[in-house]
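The values are calculated or read from the model by the stated rules, or taken from the named source; none is laboratory data. Since the structure is predicted, the reported quantities are computational estimates derived from the model, not experimental observations. Cβ atoms come from the backbone with ideal geometry, glycine included; neighbour counts cover every protein chain shown.
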Amino acid sequence: MTMLSVIRYTLLTDGTSDAVLEHHLTWLLQQHTQSALRPQWADLSRYPHPPNELAKWIRVAVDLYPCELLFVHRDAERVAHAERVAEIREALGHSPALAVCGASAHARGMAAL
């Protein structure tokens, strides 16, 4: 198995306050690889023509911030967790190279302790 010398990952979030998740993801990845990490937060807040669908946001993020790993964070305050996971799955399509993992509300609460 060939190990990448550098892993670029992009974090796509709902807003600027979620950019802090980059630090958590970096720590998590450091626990599982010896590759160098190059994190990127997809700051699309200044994008001139904001897409109106998550699938388009993902395409723009990957075009502007090429990566080996893409993390998509969607807030679940007004929408149920399961709906957000389904939304991300649908936006990513049926690519076998992509996986969607969602933390349950309980796990998110425990992680905050």
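Computed values, structure above
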read-out	value
Pairs where the first residue, in segment 12-37, is closer than 18 Å to ALA76 by Cβ and the second is at pLDDT below 90 and exposed (fewer than 14 other Cβ atoms within 10 Å of the Cβ), C-beta under 6 Å, 6+ apart	ASP14/ASP75
Helices (runs of 4 or more DSSP H) lying entirely in segment 15-113 (those with 1 or more residues that are surrounded by 12 or more Cβ atoms within 10 Å (Cβ to Cβ) and at pLDDT below 90)	81-92, 105-111
Failed condition for TYR9, given (1) closer than 15 Å to LEU69 by Cα; (2) in a helix (DSSP H, G or I)	(2)
Scan of segment 22-59 for residues that are hydrophobic (A, V, I, L, M, F, W, C) and farther than 14 Å from LEU92 by Cβ, ordered by number	LEU25, TRP27, LEU28, LEU29, ALA36, LEU37, TRP41, ALA42, LEU44
Any chance ARG46 is free of Cβ contacts under 8 Å to residues at least 60 places away in the same chain and either polar (S, T, N, Q) or more than 14 Å from GLY15 (Cα to Cα) (or both)	no
